[in-house]
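Chemist: Pasting a structure below so you can have a look.
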Amino acid sequence: MHPWPLRGNRLPAEERLRVIDFGYVSPLRSQTLWHAVAMGVSDGAAPPTLSFARPTAPYVGIGYHRSLQEVDTDVCAAKGLPVYRRMVGGGPVYLDQNQLFFQITIPARQVVGVRSAALRKLLGPAVAAFRAAGIDAQLDAATEIVVGERKVCGHGAGQIEEAVTVVGNCIESFDHEEAVSTLRLPDDRMRSDVLAAMRSYVGPPEGTPAIDSTSFTHAAAGAYEKALGLTASPGQLTDAELAHLDRLDDIFVSPRWISSGDAEAADEPAEVAAPDIRRYEPARRDAVDGGCRQVKIRGGVYVFRAATEAAVARGTVVGGRIRHAKLRLRGSNALQPDLEEGELQNLLGVLEAKLEGLGLGEAADVLRSVGAGGSEWRVASTLADTLDLVDRTGMEAGR
Amino acid sequence: MTLTERVKGYELRLDLSYDPASDLWVDTSGCTDASGSPGSGVVVIGLDPLGAETSGTLAQLSLAAPGAEVRRGGPLGSLEAEKFVGPLLAPLSGTLVEVNSEALAQPAKVHHDPYGTWLVKLRPSDLGADLDTLVRGEATVREWFESRVDDYRRQGVLAE
């Protein structure tokens, strides 16, 4: 028996919320199915749709704009983990069977023009579903679905042709080690920082009861029909969506799409994606050695590692404030000729303590105010120059 | 000459043209004569202040490459804020001659300085026809912008 009432099937399409539970599907289909739905809704032939899926095996997903350099594709290949690029936003994510995916897709014209408001409106019903499934979740100020400080649902959103889709994953449990292993990171120290932050901020808190999937999907259907003023009813893909699905299956395994988001490689019609869009590779953020590598753990929580030839600065930023800063100098001791190794280590410890709790914007200034032209000042200024490499976009605002 | 006025809490350039469909401003001064009639040359295009506000701080930006032919209402690029990817639609048809590498490198600048951080320069292919679709003229621009802000505020999705 369907958990959703059948009364909606007799309603006109514009009054229906089609609900499709795809169940367990291959990693590829766990992405392409909902993209096909988006194209069907965009065509106007399918009603607004709430869909669910669960992958049969682990894989890595990457957001539309993001660089494949952020993913350790060698490790993924060795582990047999496919990598798929989605048409919605966000960074690289590790996905597996312990995550129930949901997607809400509605015509773009029905989405309020203010992005943050649209996102909150379309994620709000998911929070109700979590709560119905026994998880005390909330939508926090950074637009994350959380229990306490821990993110229990990743999300991304995007306009796909004339439809808007917001996707999320109800995280039942999370394999932090496996997730970190799929990221390309400059060194083991940063890997350790990312792992620690993920353990602190991602996945349900210890002792959380197992999520009842049926309760979640049923409650989500109820919450979304109420929020959207529609009537939920079970449905299936249209023939047009099945045709989209075939094409998407080809596009999503195309190396050119995976590496750069260029759908042309699969000989796709131009309407599938803008074919001539330059995908900028933000070198500063992707640099493996030198420059700055940043990993967003959840809204408001980032791990960073900034490196110059002379120094390396690492740390975690929580709500715009630095935590657990680690500083070191590289190579020769030309910077600190008057300092013994022990004195240098003491100085670095003092500087790390000074950074604790500071905003990124003020951290470099604080370092530059240390000492007065001597060795200590040279060391601190060099580290300040390194911190200047950190891209503060989003980090200071807590996003 | 630039003409800026504070309208409903936003710094608004009244001397520019605006495309309501794409939230983009268009500076046609490089290809219109003193009377505003179309000539040859290049237009400069950027995100308007309300487009910047409603998008949120941009984390990612992609733009069509120089040399690309774009058509009005077709894809010009895409932007991402709050993990939400959306299209940038071309306000005019034509050929891209330059993209702003600074905006690509630091998309957040578009949010903080939407007039100072232009996105693309384009040589229009049918400026005469496309101009008719843009909002132009000081009074018209002011009225149109006020109405947009009021609309969002009535919906409760934009702060007073």
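Chemist: Return the pair list, or none, for Cβ contacts closer than 7 Å from residues in region A:38-60 that are touching a residue at least 60 places away in the same chain (Cβ under 8 Å) to residues that are surrounded by fewer than 24 Cβ atoms within 10 Å (Cβ to Cβ) and of a type in the set (Lys, Arg), at least 6 apart or on different chains.
Modeler: Every condition considered, the pairs that remain are A:47/A:16.
Chemist: Of the residues B:76, B:92, only one is under 14 Å from residue B:23 (Cα atoms) and outside any loop (DSSP other than H, G, I, E, B); which?
Modeler: B:76
Chemist: Tell me, which helices (runs of 4 or more DSSP H) wholly within region B:104-160 include 3 or more residues that are in contact (Cβ under 8 Å) with a residue 60 or more places away in the chain, of a type in the set (A, V, I, L, M, F, W, C) and touching a strand residue (DSSP E or B) at 6+ places or on another chain (Cβ under 7 Å)?
Modeler: The qualifying helices (runs of 4 or more DSSP H) are B:138-155.
Chemist: In region A:339-362, is there at least one residue being without any contact (Cβ under 8 Å) to a residue 24 or more places away in the chain, crowded, with 21+ Cβ neighbours inside 10 Å and more than 28 Å from residue A:90 (Cα to Cα)?
Modeler: Scanning region A:339-362 turns up no residue that is without any contact (Cβ under 8 Å) to a residue 24 or more places away in the chain, crowded, with 21+ Cβ neighbours inside 10 Å and more than 28 Å from residue A:90 (Cα to Cα).
Chemist: Also: Checking the structure you have, find out if any residue of region A:372-394 is at positive phi and touching a helix residue (DSSP H, G or I) at 6+ places or on another chain (Cβ under 9 Å). Reasoning before the result, please.
Modeler: Start the filter on region A:372-394 by keeping residues that are at positive phi, which leaves A:373, A:394.
Next, from what is left, pick out any that are touching a helix residue (DSSP H, G or I) at 6+ places or on another chain (Cβ under 9 Å): A:394.
Yes: region A:372-394 contains one or more residues that are at positive phi and touching a helix residue (DSSP H, G or I) at 6+ places or on another chain (Cβ under 9 Å).
Chemist: Please specify each residue of region B:120-160 satisfying the condition of being within 14 Å of chain A (Cβ to nearest Cβ) and touching a Gly at 6+ places or on another chain (Cβ under 6 Å).
Modeler: B:122, the sole residue that qualifies.
Chemist: Right, next: What residue, among those in region A:346-385 that are part of a helix (DSSP H, G or I) and within 26 Å of the chain's Cα centre (by Cα), is farthest from residue A:142 (Cα to Cα)?
Modeler: Only one residue tops the list, namely A:361.
Chemist: So residue A:153 passes all but one of these: (1) in contact (Cβ under 8 Å) with a residue 40 or more places away in the chain; (2) in contact with a Gly (Cβ under 7 Å, 6 or more places away or on another chain); (3) within 30 Å of residue B:52 (Cβ to Cβ); (4) buried (at least 23 other Cβ atoms within 10 Å of the Cβ). Which condition number does it fail?
Modeler: (1)
Chemist: Taking the residues in region A:37-78 that are aliphatic (A, V, I, L, M), surrounded by fewer than 21 Cβ atoms within 10 Å (Cβ to Cβ) and modelled with pLDDT of 95 or more as candidates, determine which candidate is nearest to residue A:101 (Cα to Cα).
Modeler: So the residue we want is A:57.
Chemist: Exactly one condition in (1) touching a helix residue (DSSP H, G or I) at 6+ places or on another chain (Cβ under 9 Å); (2) without any contact (Cβ under 8 Å) to a residue 24 or more places away in the chain; (3) over 26 Å from residue A:50 (Cα atoms) is not met by residue A:229; state its number.
Modeler: The failed condition is (3).
Chemist: If you don't mind, another one. Output the strands (runs of 3 or more DSSP E) that fall wholly within region A:139-225 and possess 2 or more residues being farther than 23 Å from residue A:114 by Cβ, or say none.
Modeler: Because the criterion is at least 2 residues that are farther than 23 Å from residue A:114 by Cβ, the strands (runs of 3 or more DSSP E) in region A:139-225 that meet it are A:150-160, A:163-171.
Chemist: Would you point out which residue out of B:107, B:114 is within 30 Å of residue B:6 (Cβ to Cβ), within 14 Å of chain A (Cβ to nearest Cβ) and buried (at least 24 other Cβ atoms within 10 Å of the Cβ)?
Modeler: B:107
Chemist: Please work out if residue A:81 is among the hydrophobic types (A, V, I, L, M, F, W, C) and at pLDDT below 95.
Modeler: Here the answer is no, as residue A:81 does not meet what is asked.
Chemist: Residue by residue through region B:50-70, note down the ones that are of a type in the set (Gly, Ala, Ser) and more than 7 Å from chain A (Cβ to nearest Cβ).
Modeler: B:51, B:52, B:67
Chemist: Which of the residues belonging to region B:71-95 are more than 7 Å from chain A (Cβ to nearest Cβ), among the aliphatic types (A, V, I, L, M) and surrounded by 24 or more Cβ atoms within 10 Å (Cβ to Cβ)?
Modeler: Residues of region B:71-95 that are more than 7 Å from chain A (Cβ to nearest Cβ), as a first pass: B:71-74, B:76, B:79, B:88-95.
Then drop every residue that is not among the aliphatic types (A, V, I, L, M), which leaves B:76, B:79, B:88-90, B:92.
Once the filter is applied, which keeps residues that are more than 7 Å from chain A (Cβ to nearest Cβ), among the aliphatic types (A, V, I, L, M) and surrounded by 24 or more Cβ atoms within 10 Å (Cβ to Cβ), region B:71-95 yields B:76, B:79, B:88, B:90, B:92.
Chemist: Inside region A:54-105, counting only strands (runs of 3 or more DSSP E) that do not spill past its ends, which hold 2 or more residues that are within 14 Å of chain B (Cβ to nearest Cβ)?
Modeler: The strands (runs of 3 or more DSSP E) meeting that bar are A:59-62.
The values are calculated or read from the model by the stated rules, or taken from the named source; none is laboratory data. A quick note: this is a predicted structure, and the numbers were derived from the prediction, not measured. So basically every Cβ, Gly included, is an ideal-geometry build from the backbone, and we count neighbours across all protein chains shown.
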